[in-house]
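Visitor: Pasting in a structure now, in structure tokens, and then I'll have a few things to ask.
The values are calculated or read from the model by the stated rules, or taken from the named source; none is laboratory data. Source: prediction; values computed, not measured. For neighbour counting, all protein chains shown are included, and Cβ atoms are generated from backbone atoms with ideal geometry for every residue, glycine included.
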Amino acid sequence: MKIYKVIAFIALWTVAGCTKLDLNPLSQGSSASWYTNETEIQMSVNDLFKKAFWPRDNDLWTDDLSFRGEVNSMNGGTLNAENSTVETIWANAYKAISRSIKILEGLDDPNSTISEELKTKYEAISRFVRASQYARLISHWGDVPYFETSLGLKESFDLARTDKNTILQSIYEDYDFAAANLPVEYGSSDVAYPTKGAALAMKARIALYMADYAVARDAAKACMDLDQYSLNPDFRSQFLSSMKGGSESIFYLPQSVELGDYESECKYYISRLGGGFGSRNPTYDLFSAFLCTDGLPIDQSTLFNPRDPFANRDPRCAETIVKPGSDWLGFRFQPHPDSMTVLNLKTGSMVKNNDNRAVNINAPFNGLLMKKGIDEDYSDDYKADPDIVIVRYADVLLMYAEAKIELNEIDGSVNDAINQVRARAYKVGVDETSRYPAVTATDQKSLRKAIRFERRMELAFEGRRYMDLIRWKLAEKALNEPSYGLLDVADLKTKVIDAGLWFFPGTPSIDDNAITDLSSLYSQGLIKLFGITAFDAGKNYLWPIPSKEIIVNPNLKQNPGY
């Protein structure tokens, strides 16, 4: 059994006995005699890495992914203080913080038999976790309650909000301690733990989110200078179940089907012919945002042909989204309404085409399926166990470039960082500039445009888009755009098929922030409106504090508008 599975087993075993959330996420833990030896501490530290403590922002909250065109509370204008997602993420963050603090306090227990070396290691890991949880809180809620010691029930009910900038400095201190005391890499027995590089990368991320660009620049550069990480030469393989660890993954949570720890929502992304629902689909907005091979957006490039919209596009387009008419998960994926049957590649026979809305009304509403991270493993008992990657090297390169751009410190390192990511997509070296559209701009405006397109193409479906829109103050535009898809079958045949406009009926406009405007296609009657998002810039840039927290603690004040 691989070592990462042993670590996963320990974590799962620990979690099994600790799954019930505290009644009050700020309250003191009940264990008074724990943490006195290495086994107890290690079990407690492993528990800090349960998946519930490391949620990624859901791409369904953004303009990248759609669930049959429906809106949700995050993008539909109904977010409130009783929202279950808000409550759960808040509670779990504070639960992880409280557990981290209990470990830190336990390490100081005079009865402890743990060596000083291990104490330092576990202190660094616990402070890394504490910093990461507070980072999530301030990026989503702004000012939040902050504490560094265990609280009694009364104390927790009296705690007021602390200014997010004050908390940010404490986050930096925790990450700095972790970076100074965690190893660059572990032996195999500690493979699931954060490293020096992870501390630096996560520090860069929260600094970028808080527009503290100098800190983001320096932390990202320090991570790069470790010379520990490199880009996987094959973009697609980076996200598959077969990729365990690897040179690009800086901090990740391993999963194992063998141990009952796997992706639980596989069916939403698998085609209907593959046995799934095909219901969570890449949006037309994302599809349109991939650049052409000349480095230009589709509304500016002469290379873009809506009839063959995957041709002459950045290779990540076809690695992120399944191309209609291509072979996929053992079948020919063909949403064309005239294709009532398709080829089963395994048997060589023709079968009923359930990925076509003319056959099955629940087939993909816009004729698109997610490809990134999906492979045959996903259709094997509908279980897959890819690593949950929290931060990877491509993100660090782009964070470094963005920080330098925002500081207007334009030099060759900025272009090189972006081009490393882009060249990898084309499977060429960064210096082979004749084989990919290298970024050559040297002015802040052009480079800001380049980084926003690059992040959207590179990081799609990795939980990064939501906070990019929030911190760039673009959510009020991107999340107030309608959700579109294929016309109903009869209209699709007369207005698109008979007019020779399949697969994509036109060329939408793309702005400098990589945001798509499909309204012209809708006004021509070529696509169907499925849902209208509604983001309120007056309040939705911050989440509401859960109402039950406000009720029990009169010192907690709600965010404006809620």
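Visitor: Any idea how many residues of the range 499-556 are of a type outside the set (A, V, I, L, M, F, W, C), touching a Gly at 6+ places or on another chain (Cβ under 9 Å) and part of a helix (DSSP H, G or I)?
Guide: Counting residues in the range 499-556 that are of a type outside the set (A, V, I, L, M, F, W, C), touching a Gly at 6+ places or on another chain (Cβ under 9 Å) and part of a helix (DSSP H, G or I) gives 1.
Visitor: Any residue at all in the range 363-371 that is surrounded by fewer than 22 Cβ atoms within 10 Å (Cβ to Cβ) and basic (Lys, Arg)?
Guide: no
Visitor: Would you check which residues across the range 206-218 are crowded, with 18+ Cβ neighbours inside 10 Å, in contact with an Asp or Glu (Cβ under 9 Å, 6 or more places away or on another chain) and farther than 16 Å from VAL414 by Cβ and list them?
Guide: If the condition is that a residue be crowded, with 18+ Cβ neighbours inside 10 Å, in contact with an Asp or Glu (Cβ under 9 Å, 6 or more places away or on another chain) and farther than 16 Å from VAL414 by Cβ, then ILE206, ALA207 are the ones that fit.
Visitor: Do you know which residues across the range 222-243 are farther than 25 Å from ALA204 by Cα and among the hydroxyl-bearing types (Ser, Thr, Tyr)?
Guide: Across the range 222-243, the qualifying residues are SER237, SER241, SER242.
Visitor: Something else now. Is one or more of the residues making up the range 422-429 buried (at least 19 other Cβ atoms within 10 Å of the Cβ), more than 30 Å from ASP338 (Cβ to Cβ) and not charged (D, E, K, R)?
Guide: Yes: one or more hits.
Visitor: Now for a different question. Residue under question is MET340, and the condition is that it be surrounded by fewer than 17 Cβ atoms within 10 Å (Cβ to Cβ) and either more than 28 Å from SER483 (Cβ to Cβ) or in contact with a strand residue (DSSP E or B) (Cβ under 7 Å, 6 or more places away or on another chain) (or both); does it hold?
Guide: When the stated conditions are applied, MET340 does not pass them.
Visitor: Checking the condition modelled with pLDDT of 95 or more, within 25 Å of ARG68 (Cβ to Cβ) and over 22 Å from the mean Cα position of the chain (by Cα), which residue from LEU487, LEU479, LEU556 passes?
Guide: On inspection, the qualifying residue turns out to be LEU487.
Visitor: Oh, and also: Taking the range 39-62, which residues are of a type outside the set (Asp, Glu), outside any loop (DSSP other than H, G, I, E, B) and in contact with a strand residue (DSSP E or B) (Cβ under 8 Å, 6 or more places away or on another chain)?
Guide: LYS51, LEU60
Per-residue answers, yes or no, for (1) under 23 Å from HIS140 (Cα atoms); (2) at pLDDT 95 or above; (3) among the hydroxyl-bearing types (Ser, Thr, Tyr):
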position	(1), (2), (3)
TRP13	no, no, no
TRP54	yes, yes, no
LEU65	yes, yes, no
GLY76	yes, no, no
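Visitor: Could you look through the range 63-95, keep only residues that are among the hydroxyl-bearing types (Ser, Thr, Tyr) and in a helix (DSSP H, G or I), and pick out the one that is nearest to ARG456 (Cα to Cα)?
Guide: THR85
Visitor: Condition test on GLY197, is it over 18 Å from the mean Cα position of the chain (by Cα), surrounded by 19 or more Cβ atoms within 10 Å (Cβ to Cβ) and of a type outside the set (S, T, N, Q)?
Guide: Spelling it out, GLY197 is indeed over 18 Å from the mean Cα position of the chain (by Cα), surrounded by 19 or more Cβ atoms within 10 Å (Cβ to Cβ) and of a type outside the set (S, T, N, Q).
Visitor: Next question. GLU462 versus (1) farther than 29 Å from LEU240 by Cα; (2) crowded, with 16+ Cβ neighbours inside 10 Å: which is the lone unmet condition?
Guide: Just one mismatch for GLU462, condition (1).
Visitor: Quick check: is even one residue across the range 231-254 surrounded by fewer than 18 Cβ atoms within 10 Å (Cβ to Cβ), in a loop (DSSP other than H, G, I, E, B) and among the hydroxyl-bearing types (Ser, Thr, Tyr)?
Guide: Within the range 231-254 (the criterion being surrounded by fewer than 18 Cβ atoms within 10 Å (Cβ to Cβ), in a loop (DSSP other than H, G, I, E, B) and among the hydroxyl-bearing types (Ser, Thr, Tyr)), the answer is yes, since at least one residue qualifies.
Visitor: Still on this structure, please answer the following. Those residues that are crowded, with 24+ Cβ neighbours inside 10 Å and either touching a Cys at 6+ places or on another chain (Cβ under 9 Å) or not hydroxyl-bearing (Ser, Thr, Tyr) (or both), I need them from the range 288-303; list them, please.
Guide: If the condition is that a residue be crowded, with 24+ Cβ neighbours inside 10 Å and either touching a Cys at 6+ places or on another chain (Cβ under 9 Å) or not hydroxyl-bearing (Ser, Thr, Tyr) (or both), then ALA289, PHE290, LEU291, ILE298 are the ones that fit.
Visitor: Of the conditions (1) acidic (Asp, Glu); (2) more than 26 Å from ASP491 (Cβ to Cβ); (3) touching a Lys or Arg at 6+ places or on another chain (Cβ under 8 Å), ASP355 fails just one. Which one is it?
Guide: ASP355 satisfies every listed condition except (2).
Visitor: Of the residues that sit in the range 519-538 and are in contact with a strand residue (DSSP E or B) (Cβ under 7 Å, 6 or more places away or on another chain) and of a type in the set (Phe, Trp, Tyr), which one is surrounded by the fewest Cβ atoms within 10 Å (Cβ to Cβ)?
Guide: Looking at residues that are in contact with a strand residue (DSSP E or B) (Cβ under 7 Å, 6 or more places away or on another chain) and of a type in the set (Phe, Trp, Tyr), I get TYR522.
Visitor: Moving on to the next point. Does TYR400 count as surrounded by fewer than 22 Cβ atoms within 10 Å (Cβ to Cβ), of a type in the set (Phe, Trp, Tyr) and in contact with a helix residue (DSSP H, G or I) (Cβ under 7 Å, 6 or more places away or on another chain)?
Guide: When the stated conditions are applied, TYR400 does not pass them.
Visitor: Answer yes if at least one residue in the range 103-123 is among the small types (Gly, Ala, Ser), buried (at least 20 other Cβ atoms within 10 Å of the Cβ) and within 30 Å of ASN480 (Cα to Cα), and no otherwise.
Guide: No, the range 103-123 contains no residue that is among the small types (Gly, Ala, Ser), buried (at least 20 other Cβ atoms within 10 Å of the Cβ) and within 30 Å of ASN480 (Cα to Cα).
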